[in-house]
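Note sheet for the following structure.
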Amino acid sequence: MNTASAVIDARGLHKHFGRVRALDGLDLTVNAGEVHGYLGPNGAGKSTTIRILLGLARATSGEVRVLGEDPWRAAAALHRRIATIPGDVALWPNLSGGETIDLLVRLRGGDTSSSAYRATRAELIDDFQFDPGKKARSYSKGNRQKVALIAALAHPAELYVFDEPTSGLDPLMESVFTRHVGRLATSGGTVLLSSHILSEVEKLCTRISIVRAGRVVESGTLGELRHLTRTSFSFERGALTDAQLSGIPGAHDLVYDRALAAGRVSFTVDSDAVAGVLPALGAVGVQGLQVAPPSLEELFLRHYGDVVEPVGV
């Protein structure tokens, strides 16, 4: 295992619940300074992975190191070095939100009386428009999530593990979270981000792993993964003939109306062949050219299009 350079290094992880294989030989590496997106729908194995990484569950087999330690044997020590946000936050009902934030930070070894902590806490409370004086029993799901977010971000950690961190938040608060994780990335923080919100992952993550049926099926930078699929082209047909259109090198799924000269032509090209297409389009004088790289949703649906719908993934 390459634990010298990896903050998270998991190899051949299996986790069985009776006959159910929640993890089936999963490999995952997260290096220092990465914001690493961990993608997959419910049941793919994401939450089971995170529970093993946090020492809350023990792998059936395989090897895993987090910050150089075995999380099952060193869970208590690791939890002082890791900030976590679960997808479903439960709080002590009789504590206020502010008391809960301070308690969670103290459990990680933070000095809640320091001026630096108080200033960061106040900034986060203001940014997330949160009322820390109310008892936790009165909080909505979104406000419970804000407690976990503020507690995780208010005190520095060596590793941040976020499992559906914006669950229950409105779009404005999602943007606040995105901004703060962007700050972590700029300062060299290491983040494992599990999320269903693909636009969030696309904005934030330097590397991405897609998990299916308990295994990572793709892993790499967004640019690397885009080379595994196709880039979309479209342009105005104008006076181009059918012969000119059919001669576009490497074109797939070419669509145009043969009877409509004013319409648009669209097609896709393998992303590693884009450079060869552009001169050909320039040679025939195309107008209104638009080129769109594959989105993260397209990459995701390449593995899950047969089992999930694109909307609301």
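The values are calculated or read from the model by the stated rules, or taken from the named source; none is laboratory data. Predicted, not measured: the structure shown is a model, and the values here were computed from it. Cβ placement follows ideal geometry from the backbone for every residue including glycine, while neighbour counts extend to all protein chains displayed.
Overview of results
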quantity	calculated
Candidate set: segment 211-226, residues that are buried (at least 16 other Cβ atoms within 10 Å of the Cβ) and over 30 Å from Ser61 (Cβ atoms); chosen: the one modelled with the lowest pLDDT	Arg226
Unmet criterion (only one of (1) loosely packed, with under 15 Cβ neighbours inside 10 Å; (2) more than 24 Å from the chain's Cα centre (by Cα); (3) within 24 Å of Asn143 (Cα to Cα)) for Asp88	(2)
Hey, Val105 at pLDDT 95 or above and touching a strand residue (DSSP E or B) at 6+ places or on another chain (Cβ under 8 Å) or not	no
Among the residues listed as Thr186, Thr190, Thr206, the single one being under 30 Å from Asp127 (Cβ atoms), surrounded by fewer than 17 Cβ atoms within 10 Å (Cβ to Cβ) and touching a strand residue (DSSP E or B) at 6+ places or on another chain (Cβ under 7 Å)	Thr206
Out of Arg65, Arg11, Arg73, Arg21, sole residue that is outside any strand (DSSP E or B) and charged (D, E, K, R)	Arg73
Residues being modelled with pLDDT of 80 or more and more than 15 Å from Gly285 (Cα to Cα) - total across segment 257-266	2
Criterion (more than 19 Å from the chain's Cα centre (by Cα), in a helix (DSSP H, G or I) and in the same structural domain as Leu39 (by TED's automatic domain parsing)) met by exactly one of Ala148, Ala122, Ala152, Ala185	Ala122
Residue match in segment 160-172 (condition: in a loop (DSSP other than H, G, I, E, B), of a type in the set (Val, Ile, Thr) and under 19 Å from the mean Cα position of the chain (by Cα))	yes
Residues satisfying the stated conditions in segment 59-80, i.e. surrounded by fewer than 17 Cβ atoms within 10 Å (Cβ to Cβ) and either touching a residue at least 24 places away in the same chain (Cβ under 8 Å) or small (Gly, Ala, Ser) (or both)	Thr60, Ser61, Gly62, Glu63, Gly68, Ala74, Ala75, Ala76, Ala77, Arg80
Total residues in segment 98-119, condition farther than 21 Å from Tyr139 by Cβ, crowded, with 17+ Cβ neighbours inside 10 Å and hydroxyl-bearing (Ser, Thr, Tyr)	1
Top-ranked residue in segment 188-218 [being hydroxyl-bearing (Ser, Thr, Tyr) and part of a strand (DSSP E or B); ranked as farthest from Val30 (Cα to Cα)]	Ser194
Of all residues making up segment 188-243, the number that are among the charged types (D, E, K, R) and touching a residue at least 40 places away in the same chain (Cβ under 8 Å)	8
